[in-house]
Amino acid sequence: MRKIDINTWNRKEHYEFFSKMKSPFVGLTAEVDCTIAYQRAKEMNVSFYAYYLYKSVQASNLIEEMKYRIINDEVHVVDTLSAGSTAARTDGTFSFIYVEYAETFAEFYQSFQKEIEAVNNSTGLRLNDDDVKISHVRYSVLPWISFTAIMHPTNFNSKDAVPRIVFGKYHVVDNKKMMPVSVEVHHGMMDGYHIARYLEEFQKLLNE
């Protein structure tokens, strides 16, 4: 992790301006083509959710601005982003899961499966210290609905710079599986341009 010198940072005014707001967050929803990724997951006989989650974490790590965090009123860049996500249970509840980044999907998937097993053998949210890990991107998934917008719960903490990404149910358009992706970030850290860069990298990885 390294600290950014705010006085020489090209986002100094952006950071100071938006950080004064009770809700300095900006978000948008766009669609990605997950046709190839869906087929790849089926060919490997793995969870489609785990597969595109890994691709998203990979894409997030390519965007430095997604690694910006506010710690003790200073801006830092974390080294590597991991996934803090959700997993549903058969009783209609959900739990948080925590999957560290790995160099290969096979390693990531192994950790993912362990977390899913833990969810199925537990109740509640499984809150622990990892829930506040600044190196995570906060993920969620709504596989039952193809949404066009979403609102997150918040405590209006203007120092919370952890990105929030939500995936929805894919729908078919012109024989392509299109999946909605909601991205919400701290506007002092990122703009629409950086969100677009993440979505572009995510799409490239989904097409591999």
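Going by how many other beta carbons lie within 10 Å of each one, how would you line up Asp191, Asp73, fewest first?
Lowest to highest Cβ neighbour count: Asp73, Asp191.
Indicate the helices, whole DSSP H runs only, in the chain that combine a mean Kyte-Doolittle hydropathy of -1.0 or more with a Cα extent along their long axis of 15 angstrom or more. Kindly include the intermediate steps, with their values, before the conclusion.
Values: long enough: 48-61 (20 Å, -0.24); 105-120 (22 Å, -0.39); 192-206 (21 Å, -0.31).
Span-like helices, by this rule, are 48-61, 105-120, 192-206.
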Taking R0 as 30 Å, what's the FRET efficiency between Asp191 and Ala118 from their Cβ-Cβ distance, rounded to 0.05?
0.20
Connecting C-alpha atoms closer than 10 Å in a GNM of the chain, tell me which of Arg40, Arg69, Arg138 has the biggest fluctuation.
Arg40
Points 7 angstrom from Cα along the Cβ direction at Glu43 and Ala102: gap in nanometres?
2.0
Final fewest-first order of His187, His14, His171 on the 10 Å Cβ neighbour count is His171, His14, His187
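How much length is gained on full extension from His14 to Ser158, taking 0.36 nm per residue of separation minus their Cα-Cα distance? Each step should come with its number before you reach the end.
On the way: separation 144, 0.36 × 144 = 51.84 nm, distance 1.32 nm.
Stretched out fully, the His14 to Ser158 stretch lengthens by 50.5 nm.
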The range 63-208: antiparallel bridges as % of DSSP beta bridges, rounded to 5, reads 70
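When DSSP beta bridges are limited to those with both residues in the range 28-147, what percentage is antiparallel, rounded to the nearest 5?
On the way: 10 of 13 bridges.
Around 75 percent of the beta bridges assigned by DSSP in the range 28-147 are antiparallel ones.
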Relative contact order as a percentage, the chain, C-alpha pairs under 8 Å and 6+ apart, gives 33
For the range 27-74, with the dipole built from +1 on Lys and Arg beta-carbon atoms and -1 on Asp and Glu ones, taken about the Cα centre, which of Leu28, Phe48, Ala59 lies farthest toward the positive end?
Phe48
For Lys55, the lysines lying under 22 Å Cα to Cα, once residues fewer than eight places off in the same chain are dropped, come out as Lys42, Lys67, Lys114, Lys133, Lys169, Lys176, Lys177, Lys204
Using 7 Å Cα-to-Cβ label points, what is the Leu62/Asp79 separation (nm, one decimal)?
2.3
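Among Thr8, Thr86, what is the fewest-to-most ranking by other Cβ atoms within 10 Å?
Ascending number of Cβ neighbours within 10 Å: Thr8, Thr86.
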Which residue, Asn121, Asn175, Asn10, has the largest displacement toward the positive end of the dipole of the chain when charges sit on each Cβ (Lys, Arg +1; Asp, Glu -1)?
Asn175
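Values quoted throughout were computed directly from the atomic coordinates according to the rules given, and no laboratory measurement underlies them. Remember, it's a predicted structure, so these values are computed and weren't measured experimentally. Every residue, glycine among them, receives a Cβ derived from its backbone with ideal geometry; neighbour counts consider all protein chains shown.
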